[in-house]
Structure formats: C-alpha cells, structure tokens
Amino acid sequence: MHHSRTLLAATVAAFALLGAPAVHAETPADTLIQAWAIDDIISLDPAEIFEFTASEIAGNAYEGLISYDPADVSKIYGKIAESWEVAEDGMSITFKIKPGRTFASGNPITADDVVFSLTRAVKLDKSPAFILTQFGLNAENVDQMVVKTGEDTVQFKMDKAYAPSLVLYCLTATVGYIVDQKLVMEHEANGDFGYEWLKTNYAGSGPFTIREWRANEAVVMERNANYSGDAPPMARVIYRHIPEGATQRLLLEQGDIDIARSLGAEEVDAVKANPDIKIQQGVKGSIYYMGLNQKNENLAKPEVRQAMKYLVDYQAIADTIMKGKVTVHQAFLPEGFLGALNDNPFSLDVAKAKELLAQAGLPDGFSVTMDTRNTPEITGIAQAIQQTAAEAGVKIELIPGDGQQTLTKYRARNHDIYIGLWGPDYQDPHTNADTFARNPDNSDDAASKPLAWRNAWDIPEMTKQADAAMLEPDPAKRAQMYIDLQKESQETSPFVIMFQQIEVSALRSNVEGFIVGPSFNDNNYAHVTK
C-alpha cells in the first residue's frame with residue numbers, strides 16, 4: 001500500500017491529460033473511469049461509512065454475510081455465509097461461513113473475522129452502529145451477543161424476537177461488512193481496532209480493492225486477485241471528482257470518461273442524440289428533504305414547520321431543475337418499500353403559508369439560514385425554495401459547502417435548515433422510520449443520533465410506535481403502522497420531504513454491465529465490460 005499515492009498521482013495525471021479538447025481520447029480498455037461528486041467521503045472504514053459515495057465503493061470492495069438481488073430485493077442469498085438458521089424463539093440467528101474463501105490480503109475468511117467485524121463496529125460506535133445496536137447490542141455485551149459457536153459458525157443474538165427479514169436486511173448494510181481481522185489489527189494503535197488506519201486503507205474481500213483515496217480528487221480501485229467470485233473484467237476503476245455536469249458532459253463526449261454520474265437535466269437532454277452515448281436510470285430509495293432544526297425558535301413552531309411545506313414548488317422543481325431525475329414524493333418511506341405512503345398533500349401555496357406564519361405570530365416572516373452542498377442540483381433546488389419562501393416573507397440565506405463540511409455541521413445539529421438526500425441503509429421500512437420517526441434520546445450527548453435527533457425533534461410517542469412496528473410479525477398490520485407514522489410525520493414533523501430520486505447516468509455506448517441498484521451500495525461494476 002505504501003506506493004499507492006505515487007500510483008494515484010501518476011494515474012490521475014495521465015487521465016487528466018485526456019481532457020485536452022483538441023484530442024478525441026479513449027479510456028484504456030481495462031479501466032472504467034467515472035466522473036462524480038465524491039466530496040462526501042469521510043471515511044473508508046465500513047464501521048463508519050454512512051455516505052453515498054463511500055457506500056458504493058464499499059459495496060464493490062467488501063462483502064457481508066449475506067446479500068440480495070438488486071433487481072428483486074426479496075431474493076436474499078449467502079455471500080460470506082453459506083447458510084443461516086433462525087432459532088425457534090426468534091432470539092438469535094446462526095450463520096455458517098463458506099469454506100475456502102480469502103481476503104484480498106490472502107488471509108482466510110473465518111468465523112473469527114465475522115465476530116471481530118461485528119463486535120468492532122459496535123464497540124467503535126460510529127454513525128451506522130445503531131443498525132446493529134438496535135437489536136440490543138452494546139459495547140458491554142456484544143462479546144456475549146456475537147459469538148463463535150463452532151469452527152465455521154457464528155451466532156448473532158438479540159434482545160427480542162425481531163422480524164427475521166429486518167435482521168437479515170440490516171446485515172446487508174455497510175456496517176455489516178466483514179473486515180480482515182489479522183490485517184486490521186496489525187495497524188491497531190492505542191486500542192482503536194485499526195480505525196485510524198482503515199479510514200484511508202482497505203481490508204476487504206470484494207471484487208475490487210481500494211488502492212487509494214485522495215479527498216476531493218480521485219479514488220482508484222483495482223481488481224482483487226484473490227476474489228473468490230468471478231474476476232471482474234476491469235483491471236481498475238477510477239472515480240474522478242468532477243461535480244460540474246457541464247464538465248462531465250464534455251469529458252464523456254470526448255471519450256475521456258466512461259460514465260458521467262451527475263449530469264443535470266439539460267446535459268442529459270443534450271447527450272441523448274449522441275450515438276456514442278446511452279442513458280441508464282434506476283429508481284433509488286433515496287429521498288430529497290429539508291430538515292428544520294428545532295433548536296431554532298422560529299422553526300420549532302408547529303405552524304412554521306407546516307408553512308415551510310407549502311413554500312416549495314415541488315412539481316416545478318421536478319419538471320425543470322430535476323427533470324427526469326426525481327418524482328414528487330412527500331413521505332419518508334420510498335415507493336417500493338413495505339408500507340410506503342404515496343399521498344402528496346403539499347403544493348406551493350403562499351397564501352396558506354402566510355396564514356400559518358400569522359398563526360405562529362410571524363406575519364412578516366423571519367430570516368433563517370440553509371446549509372447547501374455545492375452540487376448543481378442541490379444548489380438549484382435550494383435557490384428555487386429561497387425564491388418561493390421569500391414570497392411569504394421567509395428570507396433564506398444559503399450557506400454553501402462541500403459534502404463533508406455540510407454533513408459535519410448537520411451531524412452536530414448546528415444548522416438552521418439542511419437540504420440533503422437520504423438513502424436507506426437496508427431494504428426494510430424500519431430503516432427510514434428509525435431515522436425520520438424515532439429519537440430515543442434528544443440530549444446533545446445522545447448515543448443514537450438519527451435525523452430526528454439531528455433536527456432536535458423530541459418524539460417519545462412516535463418512537464414507541466416505531467419500536468412496535470419493527471416487532472410486528474404480520475406484514476399487513478406492520479404496513480399499516482408505517483402508513484400511520486408517515487401521515488403523522490406529514491402533519492407534525494420538521495421534515496419537508498420533497499422527492500424520490502431516479503438515478504440517471506450517461507455511459508459511453510460500449511459500456512455494458514453497470515448495475516444501478518435500489519441503494520448506493522448496490523450500484524455495481526464487477527461485471528462491466530467495454
């Protein structure tokens with residue numbers, strides 16, 4: 001790994017030269033080059049990864065115990081696990097580990113690695129740890145809850161009899177990915193489980209290794225020579241940080257990149273007529289929303305929360321700024337999930353908003369700030385909302401920043417309004433109910449920090465309802481519980497939920513086999529050919 005920075009610098013420099021407009025370039029036949037905004041990467045450690053780009057990278061570089069077919073998420077199959085068995089009392093699941101598989105390092109994948117990876121994630125207690133700790137695991141008891149029961153078996157214990165599908169889907173999240181214990185612990189410092197090292201390095205078993213990450217510049221991945229599955233056709237995959245859609249379009253048309261991941265609506269329309277380019281899209285479970293921090297005395301007024309929902313021109317934004325890339329959706333569960341609510345009760349209604357603001361004692365409106373990731377689409381949505389909100393006297397100051405800056409501020413709940421994109425961590429409705437409608441501890445030093453916590457929304461009763469829904473064994477009853485939660489959220493929450501994402505990519509016509517999945521860690525290029 002010590003030569004990787006030199007390799008990255010040389011590789012990126014070489015491909016940067018391909019951007020010269022006088023030359024019609026072609027990317028190397030064994031290399032897939034993607035342009036995307038990758039400034040949201042904070043860490044490459046699966047125990048900490050909680051952002052879109054890093055999730056996709058991890059999904060192609062690591063493996064979990066189990067996985068599912070991205071075209072039909074109900075089809076769950078073993079990855080590192082060969083099989084599993086749910087105990088009769090529903091309080092544990094035992095996994096049998098496939099024999100003869102190795103990490104990229106050459107070390108064998110064992111039951112000990114599985115135990116280490118899951119207990120490590122719980123003990124580190126980074127942002128995604130709640131996906132595991134919600135089953136009653138914590139730093140004090142995890143050594144008794146995740147245990148090796150045989151040479152190739154691991155038992156995952158829980159404090160209650162949760163729906164087995166919920167538990168299995170949670171283990172497909174990035175926090176459930178298995179890391180190479182021997183390699184990671186060789187880099188341990190001060191009892192950190194190798195955390196400082198793994199933030200920028202790699203210890204997985206997926207089809208690609210992570211060769212190097214240079215913040216806001218590039219990520220280089222290489223074919224894993226020790227991968228237990230079919231070897232990827234591509235020898236390497238490179239992400240170039242190019243947030244501007246117009247620049248991505250130019251590079252794609254010139255052949256300098258293979259895939260443009262974030263073209264704007266105008267760029268997509270412009271390249272459709274090009275026979276060398278094709279469009280690929282897929283509906284994601286990701287939701288565009290605004291979070292209104294309840295620490296702000298004006299935003300904490302119930303009437304103001306509702307007024308803000310009438311100050312967005314949803315359809316106009318969907319039809320223009322986000323043309324073809326979103327559909328209007330105003331509930332926290334994406335369409336396609338059990339119990340998803342497809343009612344859209346809000347539309348731009350300045351008079352209604354003014355009426356609500358007057359009821360809140362703010363007839364002349366108020367001033368507020370909005371943290372905005374400086375990508376063209378988020379900026380465009382924010383500017384549109386800024387204009388319509390001003391019609392009701394709500395003066396919004398936009399504070400732009402890169403993905404890491406805005407997320408860090410948001411996670412510390414130091415914002416007024418945050419506009420962003422939220423993707424499900426796993427394919428069960430609890431994934432979004434757990435963050436939009438659940439906040440077990442609203443104190444500043446809470447262990448669990450879901451979106452409701454980030455926006456200081458104290459909801460003990462809704463939290464109880466969400467907790468009950470995750471235990472309901474009857475699917476129809478469970479679906480209704482989530483519908484009720486979403487209706488209450490629409491009426492009372494500090495979340496202005498606006499759109500469901502349609503991921504649109506533009507590819508050179510010779511690129512085949514790129515998979516757009518429902519979650520970002522499902523986006524896959526292990527079978528891409530050119």
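The values are calculated or read from the model by the stated rules, or taken from the named source; none is laboratory data. Here the structure is a predicted model, which is why all the values come from computation and not from measurement. Backbone-built Cβ (ideal geometry, glycine too); neighbour counts: all protein chains shown.
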Original post:
For the range 62-81, what are the residues that are assigned to a strand (DSSP E or B), within 16 Å of residue 109 (Cβ to Cβ) and without any contact (Cβ under 8 Å) to a residue 40 or more places away in the chain?
Top reply: 78, 81
Original post:
Which of the residues spanning the range 472-500 are charged (D, E, K, R) and at pLDDT 95 or above?
Top reply: 484, 487, 488, 491
Subject >> Looking only at the range 480-528, and only at residues there that are out of contact with any Ser or Thr (no Cβ under 6 Å at 6 or more places or on another chain) and of a type in the set (Phe, Trp, Tyr), the one that is nearest to residue 380 (Cα to Cα) >> reply: 499
Subject >> helices (runs of 4 or more DSSP H) fully within the range 161-218 counting 3 or more residues that are among the aliphatic types (A, V, I, L, M) and buried (at least 17 other Cβ atoms within 10 Å of the Cβ) >> reply: 164-170
Original post:
Mind checking whether some residue in the range 279-291 is touching a His at 6+ places or on another chain (Cβ under 8 Å) and at pLDDT 95 or above?
Top reply: yes
**OP:** Among the numbered conditions (1) under 22 Å from the mean Cα position of the chain (by Cα); (2) of a type outside the set (Phe, Trp, Tyr); (3) under 24 Å from residue 330 (Cβ atoms), tell me where residue 491 comes up short.
**Re:** (1)
**OP:** Give me the pairs, please: first residue somewhere in the range 375-403 and farther than 22 Å from residue 414 by Cα, second residue anywhere and surrounded by fewer than 19 Cβ atoms within 10 Å (Cβ to Cβ) and of a type in the set (Val, Ile, Thr), beta-carbon distance under 6 Å, and either six or more positions apart or on two chains.
**Re:** 391/350; 392/350
Original post:
Given the range 105-154, what helices (runs of 4 or more DSSP H) lie entirely inside it while holding 2 or more residues that are among the small types (Gly, Ala, Ser) and within 21 Å of residue 210 (Cβ to Cβ)?
Top reply: 111-124
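Residue under question is residue 525, and the condition is that it be assigned by TED's automatic domain parsing to the domain that holds residue 54, crowded, with 19+ Cβ neighbours inside 10 Å and among the hydroxyl-bearing types (Ser, Thr, Tyr); does it hold?
yes
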**OP:** Please indicate, with yes or no, whether at least one residue in the range 334-352 is surrounded by fewer than 23 Cβ atoms within 10 Å (Cβ to Cβ), in a helix (DSSP H, G or I) and not basic (Lys, Arg).
**Re:** yes
**OP:** Of all residues in the range 108-122, count the ones that are farther than 10 Å from residue 147 by Cα and surrounded by fewer than 19 Cβ atoms within 10 Å (Cβ to Cβ).
**Re:** 1
Subject >> Single condition residue 503 does not satisfy, out of (1) modelled with pLDDT of 95 or more; (2) not in a helix (DSSP H, G or I) >> reply: (1)
Subject >> Among the residues listed as 102, 31, the single one being β-branched (Val, Ile, Thr), surrounded by fewer than 22 Cβ atoms within 10 Å (Cβ to Cβ) and assigned by TED's automatic domain parsing to the domain that holds residue 251 >> reply: 31
Subject >> Selection count, the range 125-156, where residues are within 21 Å of residue 466 (Cα to Cα) and not aliphatic (A, V, I, L, M) >> reply: 8
Original post:
For the range 462-483, how many residues meet the condition of being without any contact (Cβ under 8 Å) to a residue 24 or more places away in the chain and either surrounded by 15 or more Cβ atoms within 10 Å (Cβ to Cβ) or not in a helix (DSSP H, G or I) (or both)?
Top reply: 1
Subject >> So residue 397, is it among the acidic types (Asp, Glu) and not in a helix (DSSP H, G or I) >> reply: yes
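Residues of the range 314-326 being part of a loop (DSSP other than H, G, I, E, B) and surrounded by fewer than 16 Cβ atoms within 10 Å (Cβ to Cβ), which ones?
Of the range 314-326, the ones part of a loop (DSSP other than H, G, I, E, B) are 320-325.
Correct list: 320, 323, 324.
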**OP:** Starting from the range 161-181, keep only residues that are within 13 Å of residue 117 (Cα to Cα), then list their pairs with residues that are aromatic (Phe, Trp, Tyr) and at pLDDT 95 or above whose Cβ atoms are within a distance under 8 Å, requiring at least 6 positions of separation or different chains.
**Re:** 171/156; 174/62; 177/62; 178/62; 179/62; 179/116; 180/103; 181/116
Original post:
How many residues are touching a residue at least 24 places away in the same chain (Cβ under 8 Å), farther than 30 Å from residue 235 by Cβ and either buried (at least 21 other Cβ atoms within 10 Å of the Cβ) or not hydrophobic (A, V, I, L, M, F, W, C) (or both) when one looks only at the range 484-522?
Top reply: 17
